[in-house]
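Encoded as structure tokens, the structure appears first; notes follow it.
The values are calculated or read from the model by the stated rules, or taken from the named source; none is laboratory data. These numbers were taken from a predicted model, which means no experiment stands behind them. Cβ sites come from the backbone with ideal geometry, for glycine too, and all protein chains shown count toward neighbours.
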Amino acid sequence: MTSFVASPSFDVQSLKGSHLLLPSVSIGNVPQLTCDLIIHTLHLSRVGFIDSDAVIPVIGQYEDQSNGVSVPIEVYQSKDRQWTVIQQRSPTLKGKKQSLISGLINFIESAQFAKVVLLTSLDAARRLDSQISSIPFRVVGDSASVQDIIQAINVPELETEQQQQQDVDTNMTSSASSPSLPSMHGAGIARSLYQQLLDAKVNVIMFCIFVLEGDNVQDSVEFANVLNTYYQIKSNGANASSSWTPPKSWEYLFGTPFNAEIYQ
């Protein structure tokens with residue numbers, strides 16, 4: 001079961017018409033780190049949370065203790081109500097993927113967002129030769145949106161199954177069948193979620209970034225820059241993409257500092 005629980009003073013009608021940034025838990029957690037940057041830099045307000053039994057239940061403490069505790073799936077919104085951001089802080093439980101997808105789609109449909117911008121990361125070790133020699137970003141969407149993104153920021157469309165196979169076997173003859181949704185190794189629920197959002201007639205676009213596991217801080221900064229260049233989320237002049245403020249929690253991405261005395 002999945003339901004949206006609004007903050008006491010929040011009017012759920014404020015979600016209507018805003019753009020939703022929706023991260024998928026995927027390799028390197030880059031989508032979540034990117035949303036961290038956007039939430040913290042723009043000082044977005046937490047307007048509620050999504051109560052779901054499809055994710056691992058965890059709680060944590062905010063820097064500002066007046067906000068109470070953080071929970072697995074939270075919803076934030078900008079002051080101008082143009083952007084709403086979902087932040088998922090724990091992974092999906094085994095066997096609960098479809099339950100989470102269905103719950104998110106129900107929330108998205110009831111909120112009546114103007115557009116959903118789905119974020120995911122892909123396994124860079126599984127790239128094709130053509131993808132290795134290109135920028136690490138890709139986009140998936142309808143033809144008009146994809147072409148506009150290509151022209152505006154030069155981010156190419158993610159190769160379809162047919163194009164990927166042709167890259168592997170250059171002697172393959174062209175198939176008459178229509179291209180299917182591309183393979184997305186390491187993307188978590190992103191592929192299924194995107195397809196089901198399309199089936200539900202939701203206006204959705206998906207941005208992807210190829211990454212490897214490790215220190216993915218710089219990946220998230222670059223991902224935020226790409227999104228901001230196209231959408232002007234942080235529109236404060238020519239250097240809007242030059243600086244992002246990470247949350248305090250990033251100080252411990254790789255654990256707390258060790259006590260050097262124990263090795264003396």
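Quick rundown of the values:
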| read-out | value |
| --- | --- |
| Close pairs from the range 129-144: first in contact (Cβ under 8 Å) with a residue 60 or more places away in the chain, partner surrounded by 14 or more Cβ atoms within 10 Å (Cβ to Cβ) and of a type outside the set (A, V, I, L, M), Cβ under 6 Å, at least 6 apart | PRO136/PHE210; ARG138/CYS208; VAL139/GLU157; VAL139/PHE207 |
| Flag for GLY48 being in contact (Cβ under 8 Å) with a residue 24 or more places away in the chain, in contact with a Phe, Trp or Tyr (Cβ under 7 Å, 6 or more places away or on another chain) and surrounded by 14 or more Cβ atoms within 10 Å (Cβ to Cβ) | yes |
| Residue ID - modelled with the lowest pLDDT, chosen from residues in the range 1-28 that are farther than 30 Å from GLU222 by Cα and not polar (S, T, N, Q) | MET1 |
| Sole exception among (1) assigned to a strand (DSSP E or B); (2) farther than 20 Å from THR2 by Cα for ASP80, by number | (1) |
| Hits in the range 89-117 - residues which are among the aliphatic types (A, V, I, L, M) and surrounded by 17 or more Cβ atoms within 10 Å (Cβ to Cβ) | LEU100, ILE101, LEU104, ILE105, ILE108, ALA111, VAL116, VAL117 |
| Residues of the range 1-26 satisfying the condition of being of a type in the set (Ser, Thr, Tyr), assigned to a loop (DSSP other than H, G, I, E, B) and over 22 Å from MET206 (Cβ atoms) | SER7, SER9 |
| Residue match in the range 109-125 (condition: modelled with pLDDT under 95 and hydroxyl-bearing (Ser, Thr, Tyr)) | no |
| GLN196 vs. criteria in a helix (DSSP H, G or I), modelled with pLDDT of 55 or more and either surrounded by 12 or more Cβ atoms within 10 Å (Cβ to Cβ) or on the phi > 0 side of the Ramachandran plot (or both) | yes |
| Test result for THR170, modelled with pLDDT of 95 or more and not in a helix (DSSP H, G or I) | no |
| Scan of the range 132-167 for residues that are modelled with pLDDT under 90, assigned to a helix (DSSP H, G or I) and of a type outside the set (Asp, Glu), ordered by number | GLN162, GLN163, GLN164, GLN165, GLN166 |
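Listed here are the residues, each with its yes/no results for (1) over 9 Å from the mean Cα position of the chain (by Cα); (2) over 22 Å from LYS96 (Cβ atoms); (3) surrounded by fewer than 14 Cβ atoms within 10 Å (Cβ to Cβ).
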position: SER9; (1), (2), (3): yes, yes, yes
position: SER18; (1), (2), (3): yes, yes, no
position: SER24; (1), (2), (3): no, no, no
position: VAL30; (1), (2), (3): no, yes, no
position: ILE38; (1), (2), (3): yes, yes, no
position: LEU42; (1), (2), (3): yes, yes, no
